[in-house]
Amino acid sequence: MAKIIVDGVEIEVPPEYTLLQACESAGKEIPRFCYHERLSVAGNCRMCLVEVKGGPPKPTASCAMAVRDLRPGPNGEPPVVLTNSPMVKKAREGVMEFLLINHPLDCPICDQGGECDLQDQAMAFGRDSSRFGENKHAVENKYIGPLVKTEMTRCIHCTRCVRFTAEICGTSDMGLIGRGEDSEITTYLEQAMTSELQGNVTDLCPVGALLPKPQNFRARPWEYNKNPGVDVMDALGSAIRVDTRGREVMRILPRVNEAVNEEWISDKARQIVDGLKVQRLDRPYVRENGKLRPASWAEAFADIAAKVKATAPQRIGFIGGDLSSVEDLFAAKALAESLGTKNIDARQDGAKLDPALGRATYVFNATVEGIDRADALLIVGSNPRWEAPVLNARIRRRWRGGNFPIGVIGEKLDLTYPYQYLGAGPDTLASVAKGEGFGEILAKAERPLILVGQGALAREDGAAILALAAKLGAPKGDWTGFSVLHTAAARVGALDIHFTPGQGGLDAQAMARAGAQDVVFLVGSDEISVEPGAFVVYVGSHGDRGAHRADVILPGAAYTEKSGTYVNTEGRVQLADRAAFPPGDAREDWAIFRALSAALGKPLAFDSLAQLRAKIYAAYPWLARIDAIATADPACLAALPGGELGQGALVSPISDFYLTNPIARASRVMGECSALAKGRLTAQAAE
């Protein structure tokens with residue numbers, strides 16, 4: 001540790017700290033525009049100037065000088081840094097005056113007004129007048145895609161967006177061209193940005209130059225009610241903030257969670273807002289003469305009750321969806337048990353995962369933070385760039401740290417970092433498991449990470465692949481490298497509460513076959529096709545595939561419209577608050593099952609959300625520990641049954657990143673992004 005005196009207060013900080021970090025450790029506020037904790041140092045805005053005693057006779061950019069570079073006093077005293085001296089005050093006022101020379105005075109119409117760094121710092125550290133009366137310089141706006149709106153006349157060339165796309169996204173979509181007054185931030189050829197994380201540049205931009213296009217001119221920040229939530233667009237469980245005005249969700253922003261998503265979210269998580277409002281189910285429907293017609297809750301329940309009471313328990317099934325909360329699935333399971341059926345399953349894709357084999361067999365054991373400590377990575381049947389873009393950015397950051405060999409078995413894709421392509425099929429995994437080729441690297445690694453995707457597990461030979469991967473990721477000391485990357489937000493929670501077939505019960509794939517069941521309940525299940533013959537009851541929020549197949553529709557709540565528990569891919573329990581209310585007669589899914597149970601003459605043993613959660617916590621105590629990961633015993637990995645490997649390439653289940661669930665498919669913005677992405681892929685194939 002190094003000693004330093006900041007405004008008369010002596011503190012100890014690591015010598016690699018910048019002066020900016022050291023000053024903030026002492027409780028001093030240092031203004032900045034270009035500096036960001038997660039990006040490389042640019043040192044080009046000069047707003048973070050401080051005075052260093054014994055240093056050069058001019059202010060120093062605190063973001064670009066380390067504590068170790070300071071010289072001690074003449075008698076060995078700690079270096080002295082001043083953050084509020086007359087020199088610093090005058091320098092900051094001058095920098096701010098220069099920044100505002102060409103900045104347009106359009107705060108009244110700028111969407112960034114009210115949460116703009118430039119606006120705040122001009123008030124706190126700037127002058128009360130300007131000495132520049134020349135005409136302001138104007139810059140033509142650029143098209144950079146459907147998600148980000150440009151007002152480049154406001155740009156102050158902090159280059160945060162340039163560094164983000166190059167360092168975090170790995171796409172280098174943006175750059176700075178020209179010199180002096182002709183400098184511009186652009187995508188070079190004025191094409192749409194290609195990263196699945198591009199929307200984060202609107203959070204990074206300290207002025208109104210880059211703004212979220214879908215939310216342009218819709219509201220002011222002080223009009224929003226801000227509610228903490230959990231992203232369900234993938235299984236990472238990124239921390240989000242849902243901003244509402246009245247009953248309407250207006251925008252979704254990231255919340256800082258160092259253990260999961262840091263401060264980034266994917267574009268799908270950010271911009272599916274319009275999908276929450278269209279194609280909504282707001283009243284019950286029943287099918288008559290082949291057509292769905294609006295009905296009352298009593299009519300819908302009566303139709304279901306008549307069918308269920310005339311059906312044997314073994315001919316009734318429940319299929320859980322990918323966006324359902326733990327509460328929804330627990331209530332559905334309780335109803336299934338009261339009806340006497342063992343046909344329940346949430347694995348719509350047929351993944352060969354079984355909670356009876358142990359929790360360590362289906363979670364990301366290394367944890368998301370553990371990626372930073374891994375020293376080798378093998379990706380098996382997964383495309384993390386589409387399945388979990390924020391997690392993929394974390395892998396890229398670890399690769400940028402050096403000494404991190406990466407091998408891929410499956411599709412050959414652009415993951416934004418270089419890797420060694422090993423092969424496409426399970427035979428390649430078998431050779432690696434024998435210690436051949438990349439297997440030697442994994443054997444020598446102290447903390448090897450084996451990332452197994454659903455493209456490897458949702459196959460007939462999924463159990464065999466699971467066992468082989470578990471062998472490669474077997475515990476080494478306190479490190480367990482075997483890690484399953486899920487694609488469904490509800491999957492780990494469903495497995496935790498054993499929403500899987502009981503003894504003799506059918507799995508989701510079997511229930512969906514013609515003639516297998518007489519009554520099938522779809523609990524927000526839209527990624528599976530139930531063949532003709534069964535009476536289908538759909539409980540969900542959107543008029544998607546499940547609703548099109550249904551004989552009775554019971555309108556449910558979207559994830560922003562209910563308080564729910566979710567368990568992410570690493571087994572972390574997360575709680576999301578309700579941000580808005582469901583439209584019309586729609587209700588929360590667990591409440592629908594409670595009401596339906598009464599209509600069936602088998603009322604469930606809870607009447608409120610608090611009572612329901614008490615039942616869940618009594619049965620599965622670890623689900624009560626919010627934001628914690630229950631310890632999973634890795635010993636069960638050695639006992640996996642295995643099986644015979646099949647043929648064929650391991651292919652990721654996601655073929656279109658932007659259209660993976662009913663909310664995304666209802667979104668016009670996501671549809672536009674999907675069309676752009678397909679056009680890009682077609683052009684690449686033609687080349």
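The values are calculated or read from the model by the stated rules, or taken from the named source; none is laboratory data. Owing to the predicted nature of the structure, the values given are computational and were not obtained by experimental measurement. Positions of Cβ are generated from backbone atoms using ideal geometry, with glycine treated the same way; all protein chains shown enter the neighbour counts. To get the accessible areas, we keep the full protein, side chains included, count just its heavy atoms, and leave off ligands, DNA and RNA. Shrake-Rupley method; radii C 1.70, N 1.55, O 1.52, S 1.80 Å.
Of these, Asn135, Asn141, which one is open to solvent by 20 Å² or more (accessible area, probe 1.4 Å), of a type in the set (S, T, N, Q) and in contact with a Ser or Thr (Cβ under 6 Å, 6 or more places away or on another chain)? It would help to see each step written out before you state the result.
Values: Asn135 fails: in contact with a Ser or Thr (Cβ under 6 Å, 6 or more places away or on another chain).
Step by step, each of Asn135, Asn141 is checked, and only Asn141 is open to solvent by 20 Å² or more (accessible area, probe 1.4 Å), of a type in the set (S, T, N, Q) and in contact with a Ser or Thr (Cβ under 6 Å, 6 or more places away or on another chain).
The set of residues from the range 94-107 being in contact with a Gly (Cβ under 8 Å, 6 or more places away or on another chain) and within 10 Å of Ser130 (Cα to Cα) comprises Met96, Glu97, Leu100.
Would you please name the residue that is most open to solvent (accessible area, probe 1.4 Å), looking only at residues in the range 32-54 that are of a type outside the set (Asp, Glu) and farther than 20 Å from Val95 by Cα?
Applying the filter and picking the extreme gives Lys53.
A single entry from Leu612, Leu604, Leu659 fulfils the requirement of being over 30 Å from Pro475 (Cα atoms), surrounded by 18 or more Cβ atoms within 10 Å (Cβ to Cβ) and without any contact (Cβ under 8 Å) to a residue 60 or more places away in the chain: Leu659. The listed residues are Glu369, Glu460, and the only one of them that is open to solvent by 10 Å² or more (accessible area, probe 1.4 Å), within 26 Å of Cys636 (Cβ to Cβ) and in contact with an Asp or Glu (Cβ under 9 Å, 6 or more places away or on another chain) turns out to be Glu369. Consider the range 109-132 and keep the residues that are aliphatic (A, V, I, L, M) and open to solvent by less than 60 Å² (accessible area, probe 1.4 Å). The one that is farthest from the chain's Cα centre (by Cα) is Ala122. The set of residues in the range 294-320 being in a strand (DSSP E or B) and open to solvent by 50 Å² or more (accessible area, probe 1.4 Å) consists of Pro294 alone. Here Pro79 meets the list (1) open to solvent by 70 Å² or more (accessible area, probe 1.4 Å); (2) more than 36 Å from the chain's Cα centre (by Cα) almost entirely, failing just condition (1). Within the range 434-457, not a single residue is open to solvent by 30 Å² or more (accessible area, probe 1.4 Å) and within 17 Å of Ser382 (Cα to Cα).
Listed by first and then second residue, the pairs with beta-carbon distance under 8 Å, at least 6 apart or on different chains, first residue in the range 279-301 and free of Cβ contacts under 8 Å to residues at least 12 places away in the same chain, second of a type in the set (Phe, Trp, Tyr) and not in a loop (DSSP other than H, G, I, E, B), are Arg293/Tyr285; Pro294/Tyr285. Kindly check whether there is at least one residue in the range 627-641 that is surrounded by 16 or more Cβ atoms within 10 Å (Cβ to Cβ) and over 27 Å from Asn261 (Cα atoms). Scanning the range 627-641 turns up at least one residue that is surrounded by 16 or more Cβ atoms within 10 Å (Cβ to Cβ) and over 27 Å from Asn261 (Cα atoms). Scanning the range 264-298 for residues that are closer than 15 Å to Val148 by Cα and small (Gly, Ala, Ser) returns Ser266, Ala269. Counting only residues that are buried (at least 20 other Cβ atoms within 10 Å of the Cβ) and free of Cβ contacts under 8 Å to residues at least 40 places away in the same chain, how many does the range 1-31 have? Number satisfying all stated conditions: 0. Residue selection: Ile185 fails the criterion of being open to solvent by less than 60 Å² (accessible area, probe 1.4 Å) and assigned to a loop (DSSP other than H, G, I, E, B). Give the residues of the range 145-175 that are of a type in the set (Ser, Thr, Tyr), under 20 Å from the mean Cα position of the chain (by Cα) and either within 20 Å of Pro104 (Cβ to Cβ) or surrounded by 21 or more Cβ atoms within 10 Å (Cβ to Cβ) (or both), sorted by residue number. Residue satisfying the conditions is Thr165 alone. Against the conditions (1) without any contact (Cβ under 8 Å) to a residue 24 or more places away in the chain; (2) small (Gly, Ala, Ser); (3) in contact with a Lys or Arg (Cβ under 7 Å, 6 or more places away or on another chain), Gly533 satisfies every one except (3).
Examine the range 218-229 for a residue that is in contact with a helix residue (DSSP H, G or I) (Cβ under 6 Å, 6 or more places away or on another chain), closer than 15 Å to Trp264 by Cα and open to solvent by less than 60 Å² (accessible area, probe 1.4 Å), and state whether such a residue exists. No, the range 218-229 contains no residue that is in contact with a helix residue (DSSP H, G or I) (Cβ under 6 Å, 6 or more places away or on another chain), closer than 15 Å to Trp264 by Cα and open to solvent by less than 60 Å² (accessible area, probe 1.4 Å). Does Arg283 qualify as being under 25 Å from Leu391 (Cα atoms), in contact with a strand residue (DSSP E or B) (Cβ under 6 Å, 6 or more places away or on another chain) and outside any strand (DSSP E or B)? When the stated conditions are applied, Arg283 does not pass them. Checked against the criterion of being touching a residue at least 40 places away in the same chain (Cβ under 8 Å), open to solvent by 10 Å² or more (accessible area, probe 1.4 Å) and in contact with a Phe, Trp or Tyr (Cβ under 8 Å, 6 or more places away or on another chain), the candidates Leu329, Leu323 yield just one match: Leu323. Residues that are in contact with a helix residue (DSSP H, G or I) (Cβ under 9 Å, 6 or more places away or on another chain) and polar (S, T, N, Q) number at least 3 in none of the helices (runs of 4 or more DSSP H) confined to the range 78-163.
Of the numbered criteria (1) more than 20 Å from Pro355 (Cβ to Cβ); (2) in contact with a Ser or Thr (Cβ under 9 Å, 6 or more places away or on another chain); (3) open to solvent by 10 Å² or more (accessible area, probe 1.4 Å); (4) not β-branched (Val, Ile, Thr), the one Gly533 fails is (2). None of Arg680, Arg665 is modelled with pLDDT of 95 or more and either part of a helix (DSSP H, G or I) or not polar (S, T, N, Q) (or both) except Arg665.
Given Ala591, Ala595, which one is open to solvent by 20 Å² or more (accessible area, probe 1.4 Å), assigned to a helix (DSSP H, G or I) and within 21 Å of Leu276 (Cβ to Cβ)?
Numbers: Ala595 fails: within 21 Å of Leu276 (Cβ to Cβ).
Of Ala591, Ala595, the one residue that is open to solvent by 20 Å² or more (accessible area, probe 1.4 Å), assigned to a helix (DSSP H, G or I) and within 21 Å of Leu276 (Cβ to Cβ) is Ala591.
The set of residues in the range 164-181 that are touching a helix residue (DSSP H, G or I) at 6+ places or on another chain (Cβ under 9 Å) and not in a helix (DSSP H, G or I) comprises Gly170, Thr171, Ser172, Asp173, Met174, Gly175, Leu176. Does Gly584 fit the bill of being open to solvent by 10 Å² or more (accessible area, probe 1.4 Å), assigned to a loop (DSSP other than H, G, I, E, B) and touching a Lys or Arg at 6+ places or on another chain (Cβ under 6 Å)? Against the criterion (open to solvent by 10 Å² or more (accessible area, probe 1.4 Å), assigned to a loop (DSSP other than H, G, I, E, B) and touching a Lys or Arg at 6+ places or on another chain (Cβ under 6 Å)), Gly584 qualifies. Within the range 349-366, the set of residues being open to solvent by 10 Å² or more (accessible area, probe 1.4 Å), assigned to a loop (DSSP other than H, G, I, E, B) and in contact with a Gly (Cβ under 8 Å, 6 or more places away or on another chain) comprises Gly350, Lys352, Asn365.
Evaluate the following for Trp386: is it assigned to a helix (DSSP H, G or I) and free of Cβ contacts under 8 Å to residues at least 60 places away in the same chain?
Values: assigned to a helix (DSSP H, G or I): yes; free of Cβ contacts under 8 Å to residues at least 60 places away in the same chain: no.
Answer is no for this residue.
Scanning the range 548-581 for residues that are farther than 15 Å from Leu623 by Cβ, outside any loop (DSSP other than H, G, I, E, B) and of a type in the set (Ser, Thr, Tyr) yields Tyr559, Thr560.
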